[in-house]
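I have placed the structure first, in the form of structure tokens, so that the comments after it can refer back to it.
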Amino acid sequence: MKIFFYKFTHITTQPKTNYYENLSLTAQPVIRIQNSFTTVETYISEKRKSYKDNTDFSEILKNKTKQNFKKNIDMINSITLNSLRNAEFIQFCKDFTSIVANSSLTVHSLQIQHDAMIRKISEMETMFKNTTPSPITPELEELDWSRNKNIMGIFGIINAYTCHFDPTYSYAATLLQNNIKLYGSDITRETYQSETAIISNIISDWETKPELTSAIGTLNLGQWVIELKKVNQTFSDTYHRYTQEFTNNYPGTFKSKRNEMVSIYYDLCKYLSAFSVVQPTSWGGNTIHEVNTLINQYNQVIVGRTTSVKTEKTVPVSSN
């Protein structure tokens with residue numbers, strides 16, 4: 001305990017002015033950690049007299065220190081990458097690297113990890129492009145066109161109703177329009193799997209958020225939504241067959257590429273978490289917030305697919 005308190009007091013009593021103002025970017029974590037210790041030091045001064053047992057006090061101090069460190073580290077949400085289908089997996093990795101690249105973090109200290117992931121994505125995409133044309137391709141194109149027509153139809157009706165003379169209709173349309181804008185300006189131009197995920201998320205919002213569900217009813221869009229949900233799910237299942245066909249043709253190679261990608265992904269995540277300590281608000285913290293938003297979107301796809309499978313399994317079989 002004496003050694004511990006000596007080190008603790010030594011760290012928290014160093015001068016903070018002038019010297020720390022000139023620290024380089026890489027030294028900034030020291031300031032944040034010192035601030036954490038200062039908080040704990042204040043806590044000690046208030047609580048130390050209440051504890052006569054040094055062992056008990058040591059445990060309390062240890063826990064308090066951990067709490068302060070956790071407050072200074074932005075955590076990346078978890079995602080079960082093995083639950084992503086092959087195309088979803090590649091698209092997730094592309095979206096992830098795009099966020100990192102746009103954050104300017106690669107300029108500072110993540111270039112090596114970022115480039116390693118980009119190379120692996122390129123290898124996996126090349127494997128897809130070099131495959132023999134699949135008989136499933138025309139089916140996919142037809143399904144994609146069908147869902148795009150549904151999207152354009154629904155969005156067109158919503159846009160028209162925003163100009164309706166009756167405030168009830170215009171308000172409902174505005175609610176739905178604002179919800180759609182959260183997912184981008186032109187969904188039909190997204191990649192296959194990205195569009196699938198976005199449509200799933202929008203429909204999930206419309207089915208679970210009362211004000212949006214009510215707006216769908218007000219504009220009489222129920223049948224449109226049912227049809228869009230059906231064709232989007234059919235597209236997702238068909239695309240899964242397409243990627244599975246590819247995987248069966250290249251079983252060991254593609255699986256090994258996925259495993260390598262997972263390792264690179266978690267390595268890059270560790271660097272991101274560390275960098276959030278250096279620049280919690282400008283680069284690191286904001287980047288992790290964007291990454292978590294992306295992860296949440298893909299987690300919704302995984303959960304939605306799992307829920308759909310469970311629902312299908314619980315449907316009673318007709319006795320006829």
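All of the numbers you see were taken from the coordinates with simple rules; none came from a lab. What you see is a predicted model, and the numbers here were worked out from it, not measured in a lab. As a convention, Cβ positions derive from the backbone with ideal geometry for all residues, glycine included, and neighbour counts pool all protein chains shown.
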Label model pair I302, S256: point-to-point distance (7 angstrom along the Cα→beta-carbon line) in nm is 2.6 nm
Testing the spin-label approximation: label points 7 Å from Cα along Cα→Cβ at T234 and D115. State their distance in nm. 4.7 nm
Extend 7 Å from the Cα of S83 along its Cα-to-C-beta direction; within region 260-275, residues with backbone N under 13 Å of that point are none
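Could you list R189, R258 in order of exposure, starting from the residue whose Cβ has the fewest other Cβ atoms within 10 Å?
Ordered from fewest to most neighbouring Cβ atoms within 10 Å, R189, R258 come out as R189, R258.
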Mind giving me the nanometre distance, one decimal, between the label points for N178 and N102, set 7 Å out from Cα along Cα→Cβ? 2.3 nm
Quick check on region 88-309: take the gyration tensor over C-alpha atoms, sort the square-rooted eigenvalues as a ≥ b ≥ c, and tell me if it's rounded (a/c under 1.5), prolate or oblate. oblate
Among T168, T191, T247 - extreme Cα towards positive end, dipole of region 88-309, charges at beta-carbon: T247
